[in-house]
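The values are calculated or read from the model by the stated rules, or taken from the named source; none is laboratory data. Please read these numbers as outputs of a predicted model, since none were measured by experiment. Note: ideal-geometry Cβ built from the backbone for every residue, glycine included; neighbour counts use all protein chains shown. Remember, those area values only see protein heavy atoms, side chains included, never the ligands or the DNA or RNA. Shrake-Rupley method; radii C 1.70, N 1.55, O 1.52, S 1.80 Å.
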Amino acid sequence: MKIVVCAKFVPDATADRRFRSEDNTVDRAGVDGLLSELDEYAVETALTVKEAGDAEVTILTVGPEQAADAVKKGLQMGADAGVHVLDDAIHGSDAVATSLVLSKALAKLEADLVIFGMASTDGGMGVVPAMVSERLGLPAVTLGSEVTVDGTSVKIRRDGDTASDTVEGTLPLVLSVSDQANEPRYPSFKGIMAAKKKPVQTWSLADLEITPEQVSSWTEVVEVTARPARTAGTIVTDEDGSGAGQLVEFLSTNKFL
Amino acid sequence: MSNVLVLVDHTAGVVRKTTAELLTIARRLGEPVAVFIGDGVQDALPALGQYGATKVIALTNPELSQYLVAPKAEALQQVAAKIEPSAILISSNAEGKEIAARLAVKLESGLITDAVDVQADGSSPVTTQSVFAGNFTVKSKITKGIAIITVKPNAATPEAAETSPEVEEFDVTISDAAKTARITDSKPRAATGRPELTEAAIIVSGGRGTGGDFAPVEAFADSLGAAVGASRAAVDSGWYPHAYQVGQTGKTVSPQLYVAAGISGAIQHRAGMQTSKTIVAINKDNEAPIFELVDFGVVGDLHKVLPAATEEVTKRKS
Ligand SMILES: Cc1cc2nc3c(=O)[nH]c(=O)nc-3n(C[C@H](O)[C@H](O)[C@H](O)COP(=O)(O)OP(=O)(O)OC[C@H]3O[C@@H](n4cnc5c(N)ncnc54)[C@H](O)[C@@H]3O)c2cc1C
Ligand SMILES: Nc1ncnc2c1ncn2[C@@H]1O[C@H](COP(=O)(O)O)[C@@H](O)[C@H]1O
């Protein structure tokens with residue numbers, strides 16, 4: 001089975017994430033980045049399938065030069081090969097455009113099973129898997145919190161707002177997994193060493209027969225405002241047992257009762 | 001005026017509050033046309049009319065509910081071809097976002113998700129989103145095709161505008177390709193009787209500090225008429241169902257009042273709640289990062305503070 005994991009390189013959430021002032025796009029170059037944490041669950045799912053049978057796992061990322069780190073992390077965890085789609089024209093693309101690039105690359109890779117994270121930790125739209133499914137005409141089983149893959153089909157548990165559903169589909173198929181699906185492994189020393197010898201291909205838009213116009217964004221950010229800092233609140237201690245009383249007084253003053 | 005499609009969010013004809021909000025927003029942009037998928041359109045009609053739907057398009061094809069989202073997206077594409085809307089508004093939940101994603105590809109249109117506000121600039125919508133864990137507010141526009149927008153709960157205050165819409169049955173054709181991901185089992189979650197987490201005005205959440213006992217959190221929530229939420233640590237420990245998780249990989253909430261009890265305030269938790277209007281925390285560690293966010297904080301043991309506060313609230317309310 002040929003498995004491709006779509007993994008995104010994102011600005012580190014614990015660092016200072018920001019926008020580029022010149023064009024209001026996410027600053028991906030000037031900020032430390034890493035493989036999106038939520039895509040680690042997708043890598044882990046792929047590796048579990050591989051370990052249970054016969055599969056080859058490729059990490060696919062679309063992003064700037066530093067995004068090679070995301071591919072590397074996947075290889076260190078145990079994936080077999082990487083593909084990095086790198087092209088200046090992709091800068092500032094939206095989800096619709098990203099889904100086009102991923103779809104063309106996935107078609108070229110002839111994947112049987114495509115695995116996504118539930119959402120990227122920067123944009124966080126959670127829409128790319130459905131878009132890729134739509135473009136490739138493949139079934140999509142999304143937001144799996146429990147995933148079973150056999151040789152021909154995939155079954156997931158999907159926890160919705162009002163119900164917990166079982167959803168099934170037949171390969172080839174698009175799967176996305178939630179952070180409930182598993183516990184991603186850390187790369188081992190052996191894994192880190194082995195990753196250095198694994199093949200990584202770099203493709204441009206031309207390699208995928210995509211023109212720069214096709215990846216222009218259909219949305220435009222017109223204004224970015226940093227959230228004003230919260231003014232320091234009142235903090236009391238309950239040492240003398242007065243905490244609850246003061247809390248309720250606060251709620252009452254602010255008309256919450 | 002142009003048509004604006006609103007996908008009705010309902011359970012068996014009981015319309016959710018988010019639909020009233022979408023219809024209110026749709027009126028800023030044009031003439032709201034409601035699209036109702038499933039059974040119970042007659043039950044939904046009064047609520048749709050109350051908020052200004054000028055027409056209700058009913059899709060009752062049973063295949064629309066047996067499969068995941070792909071058939072719904074196909075159906076909306078067919079409705080859009082007939083109605084020629086300038087915008088399509090959908091509730092921003094997991095299913096709504098996937099429908100919107102597919103529509104954006106099908107209609108070759110720009111998509112904006114998780115809008116917390118939508119205003120009209122001339123006839124084109126300007127959306128507001130809260131990004132990077134609520135640290136930035138971004139205003140955006142769609143520059144191509146039909147503006148497809150998924151809207152979060154509480155993005156607008158529902159304003160009534162009585163109409164008496166007609167129901168138009170609409171027959172859609174669902175392709176075999178859209179019927180490939182099947183729902184083979186569905187276990188409904190038991191109703192709690194509490195407000196819906198994403199719609200609630202007040203939320204009381206518990207974390208690892210509860211030690212697994214959510215009774216004081218629930219009792220305090222009930223005294224305030226609030227919804228109950230949980231941190232991921234509490235959910236991962238099996239103390240509370242995942243559907244109530246607040247944060248990056250749970251629900252993003254923005255209530256009038258958010259009470260965090262026994263929650264440290266990790267960035268992933270803040271991502272889901274820091275746009276709340278008023279924030280209160282109870283934590284026994286005075287250095288817990290959650291205190292950086294609060295309007296009011298109590299340094300103390302939640303097992304003492306919450307029951308005492310519950311008693312006091314109940315006393316004052318009676
Ligand atoms: C990819 C990813 C996604 C994540 N998504 C989410 C998410 O959606 N939501 C989320 O919440 N987290 C999420 N997390 C986890 C997050 O990083 C934290 O681990 C989690 O929020 C911690 O939960 P907590 O505050 O309940 O527990 P802790 O951090 O352990 O804090 C417990 C707090 O309770 C206090 N306490 C203990 N006993 C008492 C007592 N008796 N009375 C009062 N206070 C007490 C302690 O002082 C402490 O501050 C995510 C993490 C990752 C990596
Ligand atoms: N640039 C990208 N490169 C590779 N995979 C991506 C990229 N963007 C999004 N994805 C995948 O799509 C999922 C959902 O992304 P999003 O819709 O942006 O929240 C992510 O978890 C990734 O698996």
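To the nearest 100 Å², how much accessible surface do chains B and A cover up together, summed over both, with a 1.4 Å probe?
For chain B against chain A, roughly 6700 Å² becomes buried.
Seen from all sides and averaged, what is the projected area of the convex hull of the Cα atoms in the range B:88-212, in nm²? The partial results should precede the final answer.
Values: hull surface 52.3 nm².
Answer in nm², one decimal: 13.1.
For chain A, build the charge dipole from Cβ charges (+1 Lys, Arg; -1 Asp, Glu) around the Cα centre, then report which of A:GLY53, A:GLY63, A:GLY233 sits farthest towards its positive end.
In chain A, that residue is A:GLY53.
Assign unit charges at the C-beta atoms only (+1 for Lys and Arg, -1 for Asp and Glu), then state the dipole size of chain A relative to its Cα centre in Debye, rounded to the nearest 20.
500 debye
Students often forget the sequence filter, so: which lysines lie under 27 Å Cα-Cα from B:LYS317 once same-chain residues fewer than 8 apart are removed?
The qualifying lysines are A:LYS255, B:LYS17, B:LYS277, B:LYS304.
May I ask you to list the residues of the range A:153-174 whose amide nitrogen lies under 20 Å from a point 7 Å from Cα along the Cα→beta-carbon direction of B:ALA191?
It comes to A:160-165, nothing else.
At a threshold of 8 angstrom on Cα-Cα distance, excluding pairs fewer than six apart, so keeping six or more, what relative contact order does the range A:2-215 reach in percent?
That works out to 25 percent.
Measure out, as a whole number of angstrom, how far apart the alpha-carbon centroids of the range A:144-175 and the range B:41-99 sit.
25 Å
Using amide H atoms built 1.01 Å from N in the peptide plane, name the residues 5+ places from A:GLU146, or on other chains, whose amide H lies under 5 Å from its own.
A:ARG157
For the range B:261-318, what is the relative contact order in percent, using Cα pairs closer than 8 Å and at least 6 residues apart in sequence?
Answer for the range B:261-318 is 32 percent.
Sticking with the crude label model, points 7 Å out along Cα→Cβ, report the distance from A:THR48 to B:GLU168 in nm, one decimal please.
Simple spin-label model gives 4.7 nm for this pair.
Treat each spin label as a single point 7 Å out from the Cα along the C-beta direction, and report the A:ALA206 to A:SER153 distance in nm.
A separation of 4.6 nm, rounded to one decimal place.
Of the candidates B:PRO46, B:PRO71, B:PRO255, which one comes out as most mobile in a Gaussian network treatment of chain B with C-alpha springs shorter than 10 Å?
B:PRO46
Could you work out how far the C-alpha centroid of the range B:112-159 sits from that of the range B:295-312, in angstrom?
Using only Cα atoms, the two centres lie 37 Å from each other.
How shielded is A:210-222 by partner chains, expressed as the average number of their Cβ atoms within 10 Å of its Cβ atoms?
Values: counts 0, 0, 0, 0, 0, 0, 2, 5, 13, 13, 7, 6, 7.
Shielding by partners across A:210-222 averages 4.
How high is the relative contact order of chain B, in percent, with contacts defined as C-alpha pairs under 8 Å that are six or more residues apart?
15 percent
Report, in debye and to the nearest 20, how large the dipole of the range B:107-248 comes out about its Cα centre when Lys and Arg carry +1 and Asp and Glu carry -1 on their Cβ.
Dipole about the Cα centre, nearest 20: 720 debye.
Sequence-distant or interchain residues sharing an amide H contact under 5 Å with B:ALA181, placed H: which?
Close amide H contacts, sequence-distant or interchain: A:ALA140, B:LEU68.
For the charge dipole of the range B:269-318, defined by +1 on Lys and Arg C-beta atoms and -1 on Asp and Glu C-beta atoms about the Cα centroid, which residue among B:VAL313, B:ILE290, B:GLY300 has the Cα displaced farthest towards the positive pole?
Value: B:VAL313.
Is there a simple number for the mean count of other chain Cβ atoms within 10 Å of the Cβ of residues in B:100-108, and what is it?
The shielding value for this peptide is 6.
Taking beta carbons within 10 Å but only from partner chains, what does the mean come to for residues B:289-302?
Neighbouring Cβ atoms belonging to other protein chains average 5 per residue here.
For the range B:79-170, give the share of DSSP beta bridges that are antiparallel, in percent and rounded to the nearest 5; count only bridges with both residues there.
In the range B:79-170, DSSP labels about 60 percent of beta bridges as antiparallel.
So if the hydrodynamic radius of the range A:176-257 is defined as the Kirkwood radius over C-alpha pairs, what does Stokes-Einstein give as its diffusion coefficient at 25 °C and 0.890 mPa s, in µm² per second?
115 µm²/s
Cα to Cα, under 17 Å, and not fewer than 8 places away if on the same chain: which lysines meet these conditions relative to A:LYS155?
A:LYS50, B:LYS179, B:LYS187
Which value, in Å³ per residue, describes the convex hull spanned by the Cα atoms of chain B? Show your work: numbers first, answer last.
Values: hull volume 45.6 nm³, N = 318.
Roughly 143 Å³ of hull volume per residue.
Given the convex hull over the Cα atoms of the range B:202-317, what projected area results after averaging over all orientations, in nm²?
6.1 nm²
How many percent of the accessible area of the protein assembly as shown is carbon or sulfur, using a 1.4 Å probe?
Roughly 49 percent, rounded to a whole number.
Determine the residues within the range A:84-98 where the difference in accessible area between the chain on its own and the full set of protein chains amounts to at least 30 Å²; count protein heavy atoms only and use a 1.4 Å probe.
A:VAL96
Excluding residues on the same chain fewer than 8 positions from A:LYS104, give the lysines whose Cα lies under 19 Å from its Cα.
Within the straight-line limit of under 19 Å, A:LYS104 reaches these lysines: A:LYS2, A:LYS8, B:LYS106.
Net charge within 14 Å of B:TYR244 by Cβ-Cβ distance, Lys/Arg positive one each and Asp/Glu negative one each, not counting B:TYR244 itself?
That works out to -2.
Express in nm, to one decimal, how much length is gained between B:VAL14 and B:ASP43 on full extension, taking 0.36 nm for each residue of separation and deducting their alpha carbon distance.
Gain in length upon complete extension: 9.7 nm.
From the residues B:LEU224, B:VAL8, A:ALA140, which one has its Cα farthest along the dipole of the protein assembly as shown in the positive direction, the dipole being from +1 and -1 charges on Cβ of Lys/Arg and Asp/Glu about the Cα centre?
Of B:LEU224, B:VAL8, A:ALA140, it is B:LEU224.
I want to check the label-to-label distance for B:ALA120 and A:THR225. Put each point 7 Å from Cα in the C-beta direction and report it in nm to one decimal.
2.2 nm
Taking the Cα centre of each part, how many Å lie between the range B:1-34 and the range A:5-45?
If we compute the Cα centre of each part, the gap is 34 Å.
Using a Gaussian network model on chain A with a 10 Å cutoff between Cα atoms, which of A:THR237, A:THR48, A:THR162 fluctuates the most?
Among A:THR237, A:THR48, A:THR162, the largest GNM mean-square fluctuation belongs to A:THR237.
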